[in-house]
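Written below as structure tokens is the structure these notes are about.
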């Protein structure tokens with residue numbers, strides 16, 4: 001509640017600056033002070049990991065990093081304008097483009113890639129993130145609704161994309177019997193990948209792994225609890241300067257493991273909804289707008305660049321000590 005108030009106050013300040021034609025940098029300095037004060041009020045003192053916490057984080061990073069590196073190119077390839085396909089031994093990929101999304105804004109389509117490994121008996125699915133204005137409106141369709149298949153409350157826009165991919169896979173009989181499935185996606189694609197994984201598990205398929213990048217929230221606490229076994233196979237990769245994983249707010253939550261990418265060599269590994277902590281992401285995004293580079297932290301290219309850097313020092317990140325998240 002307090003954080004929401006601070007963000008609303010900051011937005012009002014910036015609008016006032018436009019009306020009064022105040023200098024943009026002066027308005028940003030005032031906004032910075034307001035949000036920094038909020039961070040101090042809400043976060044308290046920054047916490048340095050204990051020896052046991054550092055050991056646990058290093059172990060988790062070592063366990064998650066290979067899968068994160070494996071699935072990142074698949075998430076990137078899911079975009080319809082992506083120039084190529086991932087190169088994985090014994091695996092053939094196909095891209096399904098311009099798939100109509102029923103129940104979303106008229107004219108909305110999505111794209112996904114499907115990889116098939118006939119040696120390991122495994123499928124890989126990557127779903128495209130937000131690509132155009134219609135998909136942006138799909139993101140905004142955020143009032144939770146009951147999903148008749150999953151019997152939980154979900155984000156209806158993301159659920160429509162997941163349903164479209166699920167129905168296409170079934171109609172074309174693309175999933176082979178006895179094959180395990182790994183899923184991924186960035187942004188909207190990550191949200192849809194999680195909901196598709198839920199649908200596949202509900203239908204009796206074996207979901208082996210789920211790795212998402214910059215994924216927004218898709219359901220509430222009851223929904224996460226209903227698919228607790230799936231969330232234990234999930235790793236959410238979150239950039240510290242990416243605001244998207246912390247929305248929608250009211251009525252939604254996250255589940256699963258989270259890898260927070262900070263400035264190299266820092267990182268944080270956790271098993272909690274980090275959006276419950278007062279992050280400085282909104283502030284950093286506003287600074288990016290000032291620099292003419294809005295939502296740079298959310299771009300898949302930024303995730304790829306961060307993952308290419310070494311992450312060897314565990315850290316517990318709070319808004320009080322944003323020095324390890326420069327947004328650059």
Could you check how many residues of the stretch 144-183 are crowded, with 24+ Cβ neighbours inside 10 Å and farther than 16 Å from residue 110 by Cα?
2
Quick one: which of 301, 222, 269 is within 22 Å of residue 159 (Cβ to Cβ) and modelled with pLDDT of 90 or more?
222
Taking the stretch 91-110 and keeping only residues that are within 21 Å of the chain's Cα centre (by Cα) and closer than 11 Å to residue 168 by Cβ, one is left with 101, 110
Condition first: in a strand (DSSP E or B), in contact (Cβ under 8 Å) with a residue 24 or more places away in the chain and within 15 Å of the chain's Cα centre (by Cα). Can you find one or more residues in the stretch 215-231 that meet it?
yes
Out of the residues in the stretch 184-211 meeting the condition of being out of contact with any strand residue (DSSP E or B) (no Cβ under 9 Å at 6 or more places or on another chain) and part of a loop (DSSP other than H, G, I, E, B), tell me which one is surrounded by the most Cβ atoms within 10 Å (Cβ to Cβ).
203
What's the total number of residues in the stretch 54-93 that are surrounded by 12 or more Cβ atoms within 10 Å (Cβ to Cβ) and part of a strand (DSSP E or B)?
2
Could you check the stretch 119-160 and list, in sequence order, the residues that are modelled with pLDDT of 90 or more, under 16 Å from residue 185 (Cα atoms) and in contact with a helix residue (DSSP H, G or I) (Cβ under 6 Å, 6 or more places away or on another chain)?
124, 126, 127, 128, 129, 157, 158, 159
What number of residues within the stretch 58-84 satisfy the criterion of being at pLDDT below 95 and in contact with a strand residue (DSSP E or B) (Cβ under 6 Å, 6 or more places away or on another chain)?
1
Unmet requirement for residue 250, which otherwise passes all of (1) within 14 Å of the chain's Cα centre (by Cα); (2) at pLDDT below 85
(1)
Which of the strands (runs of 3 or more DSSP E) contained wholly in the stretch 110-183 include at least 1 residues that are over 21 Å from residue 226 (Cα atoms)?
122-127
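The values are calculated or read from the model by the stated rules, or taken from the named source; none is laboratory data. Predicted model, so just to flag it, every value in this text is computed and none were measured. Using ideal geometry, Cβ is built from the backbone for each residue, glycine included, and neighbour counts are taken over all protein chains shown.
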